[in-house]
Amino acid sequence: MDVALSRNGRRLLSGFFALLVVFLYAPIAVLLIFSFNDSDIPAFPLSGFTTRWYHQFATNPDLKAALGTSAIVAAISSAGAVALGILASIALARRRFVGKSVVSAVLLAPLVIPYIVFGISLLLFFHATGIPRSLLTVVIGHIVISLPYTILVLVPRLTQIDTGVEEAAYDLGAGPYRTFGLIVLPLILPAVVSAWLIAFTTSFDEYAVASFVVGTRQTFPIYLYSALRFPSNLPQVIAVAVVVLVVSLIVIVGAEIARRFAERRLAA
Amino acid sequence: MGRSQGSLRGHIATPALLGLPVAWLIAFFVVPIVIVGLYSVDVYSLFPGAHGFTLGAWHGFLHSSVYLGLFWKSVKMALIVSAVVVALAYPVAYYLALSGTKRKYVLLLVLIAPFLTSYLLRVLAWKVILGNNGVLNSFLAWTGIRSANHPLSQLLYSRFAVILVLAYVWVPFVALPIFVSLDNLDRRLLEAASDLYASRWQAFLRVTFPLSLPGVVAAFFFVFIPTVGEFVTPSLVGGTSGYMYGNQIADLFSTGFPDWETGSVLALFLLGVVAVLTLCFARFTQAREAT
Amino acid sequence: MERKLSREELLKLAAAGGAAALATGPVGLARAALAAESGRLQVLDWAGYGNDGGQSMFAAYVKKYPNNKPQFTYMTNESDALAKLHAGLRPDVFRPYVGWTKYFATSGLVQPWDPKLLTNFKHLNPFMVKAGQYNGKQYGIPDDWGFDAILYRSDKVKPKAKSWSLIFDDRYKGKIAWFDDLNMLTVAGLYLGFKNPWNQTDAQLKQSQNLLKSKKKNVRLIWSSETNLWEAFGSGELWIAYAWPNDWVQMKKKGLKVVYMRPKEKPIAWVGMLMLLKGSPRPKLAHAYVDAWSSAKSGKWLEDNYGYGHANTLARPTSSDLLRALQLTNPRAVTLPNAYLDRDIPRRAVYARMWEEVKAA
């Protein structure tokens, strides 16, 4: 007999699980339904099927500009976060040194700072140093936010890898850069990709810090926030929301499948 | 792991590795916070006028029933959200970890996936659903369950809305640490309990739950800490009664008449509380690991 | 302000413009001076007034000076503008509202305009023009304006009196919206009958603040953007709101039975004041920009598209509803006995803090 769950218990819990999943996805489904609803206001009863909101958003220059801006910011900041993360993770995973816990604390501290506090501190910092607010300042902030996540993904993977292969490479005369490029990097690649994805999605979705340090160009969350407060374009925004949500779900699932596949191959 | 790390030849020195990341964080994380601190005691200011070290703003804040009251209001809200979220996530994490279902990782992914999509978009979904003429109320009116003149109006622009939406946002995330600690549970302990004639309930209370507590506590903190300073959701669905501490900080910096000094004080106070809580949590997990 | 040309500058201009320019007289000199201004005009303005929708307002300027097209930075409010200015932003013009005229005039950040350079100046409403003056100098040029009054659903709400009391009415708990501005304290002061709500004593301020704190429970929403108000009011979530004339027009368009009430304690009139920053390298271009904004054509566009009033007395909107709501046929609409023109608040920092406390309470 099962020591953790009775048959009734299992049925109850699986029912609860199903309900929770429904609760989690229902609002997304609601958005999906109303993105095709032929009415300015999302409300019952439904008014007929239309794809014009999708057409409108596809031709909305502000929205597309915002999406593009966010993509650029996310790409640059995630690259930066992963690069810095790799450096830091190698040190944390492979080296012993004095003050390791302090350094770890500093590197992971952005995880706990409330974003509003961080956004404001960056605002004041850029004022004090005379750096004008722009996409660059957003990138800087996002690298800080994403760095701990990349470290949290890379360090476990680095500790998992047997250093034997690396040492063999050194014994054969390879320098640190060649060893890293030819041995370590391929082994941690799935984790690097995961880290990059996490950093990318964090940056793409990030509103709070961006709202304080952005210049004149809007990122997508900032566009979205103002659309939410000033909802004259609500149906279009719903259409965008559906597209972004569906795409991100596909990417998440795809990435996970790919990661499993890659790790299984690497383990073999 | 291989031989002692210090003696491996040809390695890049540790400072070279750590230099860039740590420098980045010092420049763009530590220094900005220090500047906020300086601002809060009026040593640094953007606006002209007489400035000099003073604890006036701190004094005013600590003696103000309004600001501290608002902080307490936000703490209560965050406590409720965290408790609700953990209570909802625990059963599903338990189910996934301990029911022996073959596809537990897939189902876990199904559970977590919404968290990895856009936060603002999920708030948008609720804004569309709640509201006097929103999806829920119009559905109730359409099906005749409630008359169109009496919609459930406390759904939107209320403290309830803030709690509901925040709980919705965090539930997927919280399932993970609880799942991990339940998944790591040694089932032999449960089998031993059963051999000793304990019922499943007793086994749960005496064995499973206590052993999963670190995961539960971790989950609780992971939600509580960011939620205390939350301002985006309250500004979108909170209305007047859902106005939170984070909103006040944002307002002090962006509306009315610039009062960045008070804003800095509020921001640092929040940071201080969060730092203390994080330290307590870190100590707690270290202590647990030691036993 | 006329740039007093020193001897050196005069000679330099002569050299630059050539003898021919000098020979054509003062107009030629002015043109030559203008020719010396270069670069894009830097404008710090509110959302909707720049290239994000307000292009028609300054189209005439762009046509005349295609090489000096305006470049926009946006201000969310005067507090934000103040912060940006102190942080080193150097626009040529920006737009605070009339309550800040004295503050900026005495701040050392702005310089007066020269009305003689503005062709549309003579058509601007004289009361609004006066409100933009300080110490006899014209610091602000009025353009957009409106009222703060009360919008309510006549089919749901029966006011006890034509008064500001309606936004504090306990009978309509949960159906009221306030405006997110420290002017709520001023309105509370008006309702409580204080002599000078813009400069209340500490005791009076406490009274106003307590009134607001005690009545906040009736308030569903404190709005800061009109579209947020429209969404909530239009969907029936609100029955009473602190609102501008266009909000009444928009709700009427949605088919709602609405009334725009002028309280007996009087509505408040707000006016946007374009200001010229001190040290601007493009003062003449700035004048041309403001002149374009002040034309009757721009005025009509503003009224028709954004529902705000325009200071140019020749501008008339297409909508007769808006005409009525703004009382455009009455040149004294913004001043007593019809309304109180918004004005300087000497203790603005205190008002701001007290308003924040109301929101936090």
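What follows is calculated from the coordinates using simple rules that are stated; it is not laboratory data. Since the model is a prediction, treat every value here as computed from it, not as a measurement. Glycine also receives a Cβ, built like all others from the backbone with ideal geometry; neighbour counts cover every protein chain displayed.
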Computed about the Cα centre, the charge dipole of the range A:1-71 from +1 Lys/Arg and -1 Asp/Glu charges at the Cβ has a magnitude in debye, to the nearest 20, of 340 debye
Which percent of the Cα-Cα distances in chain A go past 25 Å? 60 percent
Between B:His63 and C:Leu192, what's the calculated FRET efficiency when r is the beta-carbon distance and R0 is 22 Å? Round to 0.05. 0.20
List the residues whose amide H sits under 5 Å from the amide H of C:Tyr97, counting only those 5 or more places along or on another chain, with H placed 1.01 Å from N in the peptide plane. C:Met273
Over chain C, what lengths in whole Å, largest first, do the semi-axes of the equivalent ellipsoid take, defined as the square roots of 5 times the eigenvalues of the alpha-carbon gyration tensor? 41, 22, 17
Which is farthest toward the positive dipole end of the protein assembly as shown among C:Ala60, C:Tyr340, B:Phe29, measuring Cα position about the Cα centre, with Cβ charges +1 (Lys, Arg) and -1 (Asp, Glu)? C:Tyr340
Given the C-alpha centroids of the range B:6-80 and the range B:187-256, what is the distance between them in whole angstrom? 26 Å
Show me the three semi-axes of the equivalent ellipsoid for the range A:114-268, from the C-alpha gyration tensor (sqrt of 5 times each eigenvalue), largest first, rounded to whole Å. 38, 23, 10
For the range C:211-262, diffusion coefficient by Stokes-Einstein and Kirkwood Rh (Cα), 10 °C, 1.306 mPa s, µm²/s: 136 µm²/s
Place a label point 7 angstrom from the Cα of A:Ser134 along the Cα-to-Cβ direction, then list the residues of the range C:71-100 whose backbone nitrogen is under 20 Å away. C:71-75, C:84-92
For chain C, what is the percent of antiparallel DSSP beta bridges, rounded to the nearest 5? 65 percent
For the range B:64-290, with +1 on Lys and Arg beta carbons and -1 on Asp and Glu, the positive-most of B:Tyr67, B:Asn184, B:Ala218 along the dipole: B:Asn184
Note down the nm distance, to one decimal, between modelled labels 7 Å out along Cα→Cβ at B:Ser199 and at A:Val253. 4.1 nm
Stretchable slack from A:Val243 to A:Ala75, in nm (0.36 nm times residue separation minus alpha-carbon distance): 58.5 nm
For A:Ser47, the residues 5 or more places away or on another chain with a placed amide H closer than 5 Å to its own amide H are A:Asp38
Order of C:Trp145, C:Trp100, C:Trp46 under a 10 Å beta carbon neighbour criterion, fewest first: C:Trp46, C:Trp100, C:Trp145
Using +1 at the C-beta of Lys and Arg and -1 at the C-beta of Asp and Glu, which of B:Pro172, B:Ser147, B:Val237 has the Cα lying farthest in the positive direction of the dipole of the range B:64-290? B:Ser147
Violations at 24 Å Cα threshold for listed pairs C:Lys217/C:Lys253; C:Lys195/C:Lys266; B:Lys104/B:Lys127; B:Lys76/C:Lys217 -> C:Lys217/C:Lys253; B:Lys104/B:Lys127
Inter-chain shielding metric for A:14-22, i.e. average beta-carbon neighbours from other chains within 10 angstrom, reads 5
Under Karplus coefficients 6.51, -1.76 and 1.60, residue-wise ³J(HN,Hα) of the range B:63-73 in Hz, glycine/proline x: 9, 9, 6, 5, 5, 5, x, 5, 4, 5, 4
Cβ-based exposure ranking for A:Thr150, B:Thr117, C:Thr313, A:Thr159, in which fewest neighbours within 10 Å come first: A:Thr159, C:Thr313, B:Thr117, A:Thr150
Return the aspartates and glutamates within reach of C:Lys173: Cα separation strictly under 12 angstrom, same-chain partners fewer than 8 residues apart disregarded; answer none if there are no such residues. C:Glu237
When we measure straight from the Cα of C:Lys264, which aspartates and glutamates land under 15 angstrom away, once same-chain ones fewer than 8 places off are left out? C:Asp148
For the range A:73-84, take each phi angle, set θ = phi - 60°, evaluate the Karplus expression 6.51 cos²θ - 1.76 cosθ + 1.60, and give the result in whole Hz per residue in order, putting x for glycine and proline. 4, 5, 5, 5, 5, 5, 4, x, 5, 5, 4, 5
Computed FRET value (nearest 0.05) for C:Asp202 with C:Thr313, which takes r as the C-beta separation and R₀ as 41 Å: 0.50
Eligible lysines near C:Lys63 by straight Cα distance, threshold 25 Å, same-chain separation 8 or greater: C:Lys116, C:Lys122, C:Lys284, C:Lys297, C:Lys300
What list of ³J(HN,Hα) couplings, whole Hz, do you get for the range A:142-158 from phi and the Karplus terms 6.51, -1.76, 1.60, once you set θ to phi - 60° and write x for glycine and proline? 5, 4, 4, 5, 7, 3, x, 5, 5, 5, 5, 8, 7, 4, x, 5, 5
For B:Leu155, what residues show an amide H to amide H distance below 5 Å, using hydrogens built from the backbone and excluding near sequence neighbours? B:Gly131
Over all pairs of distinct alpha carbons, what does the Kirkwood formula give as the hydrodynamic radius of the range B:64-290, in Å? 20.0 Å
For C:Glu231, A:Glu167, which order do you get if you count the other beta carbons within 10 Å of each Cβ and list the fewest first? A:Glu167, C:Glu231
